[in-house]
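Participant: Input: one structure, supplied below.
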Amino acid sequence: MSSLSRELVFLILQFLEEEKFKESVHRLEKESGFFFNTKYFDEKVLAGEWDEVEKYLSGFTKLDDNRYSMKIFFEIRKQKYLEALDKQDKAKAVEILVQDLRVFSTFNEELYKEITQLLTLHNFRENEQLSKYGDTKTARTIMLGELKKLIEANPLFRDKLTFPTLRSSRLRTLINQSLNWQHQLCKNPRPNPDIKTLFTDHTCAVPNGPLAPSPVNQPVTTLTKPTAFPSLGAHGRPRTPPATPGVVDYQNPDHELMKRLRPAPSVEEVTYPAPRQHAPALSLEDLPLKAALALHQGSTVTSMDFHPMQNTLLLVGSATGEITLWELAVREKLVSRPFKIWDMANCSPPLQALIAKETPMSVTRVAWSPDGNFIGVAYTKHLIHVYAFSGPNELRQHAEVDAHMGAVNDLAFANPNRQLCVVTCGDDQLIKVWDVSGRKHFTFEGHEAPVYSICPHHKENIQFIFSTAIDGKIKAWLYDNMGSRVDYDAPGKWCTTMLYSADGTRLFSCGTSKDGDFSLVEWNESEGSIKRTYLGFQKKLAGMVQFDTSKNHFLAVGEDAQIKFWDMDNINVLTSTDAEGGLPALPRLRFNREGNLLAVTTADNGFKILANQAGFRSLRAMETSAFEKMRTPADSSLIKAVPGAPVASVSCKVELGSPVRPSPMLNGGDPSKPRVDDSADKPKPWQLAEILDHAQCRQATLPDTTGSSTKVVRLLYTNSGAGILALGFNGIQRLWKWVRNEQNPSGKATAAAVPQHWQPNSGLLMTNDVSGVNLEEANPCIALSKNDSYVMSAAGGKVSLFNMMTFKVMTTFMPPPPPSSFLAFHPQDNNIIAIGMEDSTIHIYNVRVDEILPLNYMNDLTPLPFVFHQVKSKLKGHQKRITGLAFSTTLNILVSSGADAQICFWSIDTWEKRKSVAIQMPAGKVAIGDTRVQFHVDQIRILAVHETQLAIFDASKMECIRQWNPQDSLSSHISSAVYACNSQLIYTTFRDGNIGVFDADTLGLRCRISPSAYLPQGNQGLSPLVVAAHPQEPNQFAVGLNDGTVKVIEPTEAEGKWGMVPPSEAINTSTSTTSNQTPEQLQR
């Protein structure tokens, strides 16, 4: 059927709905299969009209179409069966079992037998899985929620769940337009024609008297006024038509995008959202209002952006094309890059001509990638630059793109299809999407004026882009080359910027009209209308107004040489500040992630940093650490280590004119104002933080672990951060969960609260198959699905897949020999599993899920059963058992490590080995022993852990770049090590009970935690075997001991972190001979 015929069906559906032909509406919906009416479906499900429910569904899918359809029909028939049992109507239940449910026995015979056994129970709630089944109404409501998820995920229902946005009575409007056109073509048009039929074309009868005046010269719009032809109402009765029915309103907001942006959760990984927490009350004290720093850039600042994780690291772009990285805590430029062309040969002829004319090049936008590993820079002519940022002073050229004709007006990072990309817009009226290597993926056309700004965003798994042009048009795009989904008019109809609140739930825009009027509004996304307009703009000024959001609570705008703040829920100005003067008429501004620092541009080619009390504390806390870590290599010549001293003494000489010196405003003046200590002029010693006593850190011992005598061999945090999973030497897994309460409002793992040792009501244990296994020789392994629904583990026997809610074994596979020794899920696709084997091979499995939801749909939402295909690939490259596996989606590789002390790099596309690298062993050591691998958050660097060393590899080059060997107070063998969640720290446990906290960039020791700080007195023989890092809290980790004890450890609230970054003189690392580091880097 053609698209126009399809649209005609929608028009008829609208007409039938408006005329109250209810049965006809739903019959046409079903027969056409164009629109699945979820409201009608909901009504029938809640009413228990099962025959009508299945009949309506049959217009869109059949039971055996796909696994989603099968689950939908199974859930409906299962509910019908349970309701018959609940009514004690055994005859009806048997009929349903035989006629409706038997078909599913071919897919899961065990489940069908279990359902049949319910007939033998007086009350089916005696079945453990159905023990929480409530009344019929509640059960239907719960089931309906699951059906909706299945329907949304079912590809057969794609584009059938939303009705096109139509103006009311659209079919009548088209008929009126047709009649108007027919009347215009009449040879003898009458002023008030009498329309009696639609079956034939309209013509006005020849009048008996004098000819009526001809309306031929009238404009068409006068012929289409609604007064000309009253449209037909219900059953032929006249009704008032909508205004101007003859004119198509192309400005009608396309609400379908907003409907499509509603998240559609994966059926295979359904999780219930936690109850929404009320945001704590905020006050004026939370706003950064007081000037803390004033820094001189040297040219007009055109754009600023704070690092997403390092709150005092500010990226600045200027009118000269220069970009600069500032460490605010020490008021120092870390890196500065003037504008230059990297590769003239790749520039277009127009750009080469501009360069030849020495056309000035200014920065229009600088931006950090969400992970802080890349910097994007847009310029006023054609170009964007992408830099890779791997640490202080390490800013390297990554990609240069001739992106647009004319200016590149905006740049932002996004993650369509889980791939980091750069989105740009320009004077050429286009929006383009590039990967970070400069390859173009999408070009969006549709604007009729230069595109001024872009705002990429996502709703769960739906990615989209808002764009604004200088003609005031706002459009929205999905990554599908299907054109704009939205066409709004921005207030002021000129230059507008759009931003979401930090939690992504509220959309704001701020703009300027050509007359200099400013507007700040909040949008109602679902309606495409303005929800709230903020007041407080006094003057008309020429130029573009800038704004930013903070803490899901505040808005800030630079206007009239001051910064104005609004509470998001109040249209009136909350407060304002002139930042002690010196601001331009329209200052640019940018909050850091925490909202405690605000960068604002100044009129003297610089910028100021405004702070609240937390911001001042942040600057003080970071000052020592940042000064040591972020200084340029040239600074190292000014720093002398005290020979033989355990503590490195640092003395810095700062010239009077140096930007490192404090701002004059902090070097005198009003002593009542907050100030950052002028420590840059004072010797500041670095001292290794040593935790020697229980009181020096926070810790919690997990219940039911002390004295269990079963050593913990594997330890994981759940991905939600609310639980810990431990695998014991005996193959039994234990789970602890933290509860949300007043003591722990976040419900996340914390040392301040003791969790529950969690078990299902059945009392089941998650016990691995250990039949015939010599546990002394076994290598237990474990992997957790990304939504915490199921865990896969083995302890020398078969690999078992456990349901995390019921602890039931869902399936077992891979019986030995050989036994499995390491398990890893693909980070983006749980259907791909890498399994390392005792015989040194790696098996790549592709998991097919042909499941039926189990009986207890209220509790167990995990697919069942899993059917494992035969091995997709078998990788051979190691000489001994596999001890580590890690995927990099950025590099598209799998990295493996083995007991042969080898690291292999495999292509995910072909599963071919790219390279094998031997770990550099200390003199006299044999190259054997377990080696673990873990990727840095940048997905490029990889941590390799061996009992003799910590090593950092650059996986893109497949070579070692840094190495540390046990020494001094940490001379024992390493038992385990892991990156912190932000990859800035490495937590390392040692066989003698010590724990080291290392800086991940330098492998410098920041903190040593002595056994006396966390082990009980008389702890002879106790030591940590494994360490795990919290997935959201970078300063929290957990250790599993050889007596079965599990402890969560955090720094004290007063400290808040584990020591400071050591100076280079205090770092004793060795570097692989294959490294390509500079001499300065080698000294680190």
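The values are calculated or read from the model by the stated rules, or taken from the named source; none is laboratory data. Only a predicted model underlies this, so the values are computations on that prediction, with no experimental measurement involved. Heads up, the Cβs are rebuilt from the backbone with ideal geometry, glycines too, and the neighbour counts pull from every protein chain shown. Each accessible area value is taken on the protein alone, full model and side chains, heavy atoms only, with ligands, DNA and RNA left out. Shrake-Rupley method; radii C 1.70, N 1.55, O 1.52, S 1.80 Å.
Participant: Taking only segment 441-463 into account, find how many residues are modelled with pLDDT of 90 or more and over 18 Å from residue 404 (Cβ atoms).
Facilitator: 1
Participant: For segment 732-752, enumerate the residues that are part of a strand (DSSP E or B), open to solvent by less than 60 Å² (accessible area, probe 1.4 Å) and either among the aromatic types (Phe, Trp, Tyr) or in contact with a His (Cβ under 9 Å, 6 or more places away or on another chain) (or both).
Facilitator: 734, 735, 736
Participant: Under the condition of being surrounded by 15 or more Cβ atoms within 10 Å (Cβ to Cβ) and not hydrophobic (A, V, I, L, M, F, W, C), which residue from segment 106-127 is modelled with the lowest pLDDT?
Facilitator: 108
Participant: Of all residues in segment 38-63, which are outside any helix (DSSP H, G or I) and either without any contact (Cβ under 8 Å) to a residue 40 or more places away in the chain or at positive phi (or both)?
Facilitator: 48, 49, 58, 59, 62
Participant: Write out, first by first residue and then by second, each pair whose Cβ atoms fall under 8 Å of each other, whose residues are 6+ apart or on separate chains, and whose first residue, in segment 64-81, is closer than 20 Å to residue 49 by Cβ while the second is of a type in the set (Lys, Arg) and assigned to a helix (DSSP H, G or I).
Facilitator: Between residues of segment 64-81 that are closer than 20 Å to residue 49 by Cβ and residues that are of a type in the set (Lys, Arg) and assigned to a helix (DSSP H, G or I), the close pairs are 79/140.
Participant: Take residue 588 and decide whether it is under 30 Å from residue 486 (Cα atoms) and either open to solvent by less than 60 Å² (accessible area, probe 1.4 Å) or touching a helix residue (DSSP H, G or I) at 6+ places or on another chain (Cβ under 8 Å) (or both).
Facilitator: It is false that residue 588 is under 30 Å from residue 486 (Cα atoms) and either open to solvent by less than 60 Å² (accessible area, probe 1.4 Å) or touching a helix residue (DSSP H, G or I) at 6+ places or on another chain (Cβ under 8 Å) (or both).
Participant: Can you find a residue in segment 444-452 that is under 24 Å from the mean Cα position of the chain (by Cα) and part of a strand (DSSP E or B)?
Facilitator: Within segment 444-452, one or more residues are under 24 Å from the mean Cα position of the chain (by Cα) and part of a strand (DSSP E or B).
Participant: Read through the list (1) open to solvent by less than 10 Å² (accessible area, probe 1.4 Å); (2) more than 21 Å from residue 934 (Cβ to Cβ); (3) touching a Gly at 6+ places or on another chain (Cβ under 9 Å), then give the number of the only condition that residue 1013 fails.
Facilitator: (3)
Participant: Right, next: Let me spell it out: the conditions are (1) under 60 Å from the mean Cα position of the chain (by Cα); (2) surrounded by fewer than 17 Cβ atoms within 10 Å (Cβ to Cβ), and residue 179 meets all of them except one. Which number is the exception?
Facilitator: Against the list (1) under 60 Å from the mean Cα position of the chain (by Cα); (2) surrounded by fewer than 17 Cβ atoms within 10 Å (Cβ to Cβ), residue 179 comes up short only on (2).
Participant: Among the numbered conditions (1) open to solvent by less than 50 Å² (accessible area, probe 1.4 Å); (2) at pLDDT 90 or above; (3) on the phi < 0 side of the Ramachandran plot, tell me where residue 321 comes up short.
Facilitator: The one condition residue 321 does not meet is (3).
Participant: A further question follows. Among 775, 716, 725, which is in a loop (DSSP other than H, G, I, E, B) and either at negative phi or open to solvent by 10 Å² or more (accessible area, probe 1.4 Å) (or both)?
Facilitator: None of the others qualify; the one that does is 775.
Participant: Quick check on residue 827: is it under 21 Å from residue 1028 (Cβ atoms) and in a loop (DSSP other than H, G, I, E, B)?
Facilitator: yes
Participant: Are any residues in segment 783-812 open to solvent by 20 Å² or more (accessible area, probe 1.4 Å) and in contact with a strand residue (DSSP E or B) (Cβ under 8 Å, 6 or more places away or on another chain), and if so, which ones?
Facilitator: Passing the criteria: 784, 786, 788, 798, 808, 809, 810, 811, 812.
Participant: Please indicate, with yes or no, whether at least one residue in segment 2-16 is of a type in the set (Val, Ile, Thr), open to solvent by less than 40 Å² (accessible area, probe 1.4 Å) and outside any helix (DSSP H, G or I).
Facilitator: Checked segment 2-16: no residue is of a type in the set (Val, Ile, Thr), open to solvent by less than 40 Å² (accessible area, probe 1.4 Å) and outside any helix (DSSP H, G or I).
Participant: With respect to residue 517, is the statement that it is among the charged types (D, E, K, R) and surrounded by fewer than 16 Cβ atoms within 10 Å (Cβ to Cβ) true?
Facilitator: no
Participant: Which pairs have Cβ atoms under 8 Å, sit 6 or more apart or on different chains, and link a residue in segment 533-558 that is under 12 Å from residue 574 (Cα atoms) to one that is modelled with pLDDT under 75?
Facilitator: 553/279; 553/282; 554/282
Participant: Right, something else. Tally the residues that are open to solvent by 50 Å² or more (accessible area, probe 1.4 Å) and either of a type in the set (Asp, Glu) or within 18 Å of residue 1049 (Cα to Cα) (or both), restricting the search to segment 753-771.
Facilitator: Looking only at that region, the number is 3.
Participant: Report yes if residue 896 is under 22 Å from residue 877 (Cα atoms), modelled with pLDDT of 95 or more, within 30 Å of the chain's Cα centre (by Cα) and buried (at least 19 other Cβ atoms within 10 Å of the Cβ), otherwise no.
Facilitator: Yes.
Participant: I need the full set of residues from segment 948-962 which are surrounded by fewer than 22 Cβ atoms within 10 Å (Cβ to Cβ), in contact with a strand residue (DSSP E or B) (Cβ under 8 Å, 6 or more places away or on another chain) and touching a residue at least 40 places away in the same chain (Cβ under 8 Å), in order please.
Facilitator: Within segment 948-962, 958, 959, 961 qualify.
Participant: Right, something else. Criterion first (closer than 23 Å to residue 891 by Cα and in a strand (DSSP E or B)) does residue 981 satisfy it?
Facilitator: For residue 981, the condition - closer than 23 Å to residue 891 by Cα and in a strand (DSSP E or B) - is not met.
Participant: Here is a follow-up. Would you mention how many residues in segment 830-843 are of a type outside the set (Asp, Glu), without any contact (Cβ under 8 Å) to a residue 60 or more places away in the chain and not in a strand (DSSP E or B)?
Facilitator: 1
Participant: Report, by residue number, each residue of segment 355-379 that is of a type in the set (A, V, I, L, M, F, W, C) and surrounded by fewer than 18 Cβ atoms within 10 Å (Cβ to Cβ).
Facilitator: Residues satisfying the conditions are 355, 356.
Participant: Yes or no: residue 211 over 49 Å from the mean Cα position of the chain (by Cα), surrounded by fewer than 11 Cβ atoms within 10 Å (Cβ to Cβ) and at pLDDT below 85?
Facilitator: The answer is yes for residue 211.
Participant: List, please: which pairs have Cβ atoms under 9 Å, are six or more places apart or on different chains, and start with a residue in segment 977-993 that is free of Cβ contacts under 8 Å to residues at least 60 places away in the same chain and surrounded by 23 or more Cβ atoms within 10 Å (Cβ to Cβ) and end with one that is in a strand (DSSP E or B) and among the acidic types (Asp, Glu)?
Facilitator: From segment 977-993, the pairs are 986/999.
Participant: Let me ask something else. Report, ordered by the first and then the second residue, all pairs with beta carbons closer than 6 Å, sequence separation of six or more or different chains, a first member in segment 758-779 that is free of Cβ contacts under 8 Å to residues at least 60 places away in the same chain and more than 27 Å from residue 898 (Cβ to Cβ), and a second member that is among the basic types (Lys, Arg) and surrounded by fewer than 18 Cβ atoms within 10 Å (Cβ to Cβ).
Facilitator: 758/737
Participant: So, residue 166, is that one within 27 Å of residue 14 (Cα to Cα), of a type in the set (A, V, I, L, M, F, W, C), in a loop (DSSP other than H, G, I, E, B) and out of contact with any Leu (no Cβ under 8 Å at 6 or more places or on another chain) or not?
Facilitator: Judged against the criteria, residue 166 is not a match.
Participant: A further question on this structure: Might you let me know whether segment 780-794 holds any residue that is farther than 30 Å from residue 106 by Cβ, of a type in the set (Ser, Thr, Tyr) and under 28 Å from the mean Cα position of the chain (by Cα)?
Facilitator: Yes, the conditions are met somewhere in segment 780-794.
Participant: For segment 297-361, give me every one of the strands (runs of 3 or more DSSP E) that falls completely inside it and has 2 or more residues that are over 16 Å from residue 379 (Cα atoms) and among the charged types (D, E, K, R).
Facilitator: Passing ranges, in order: 332-337.
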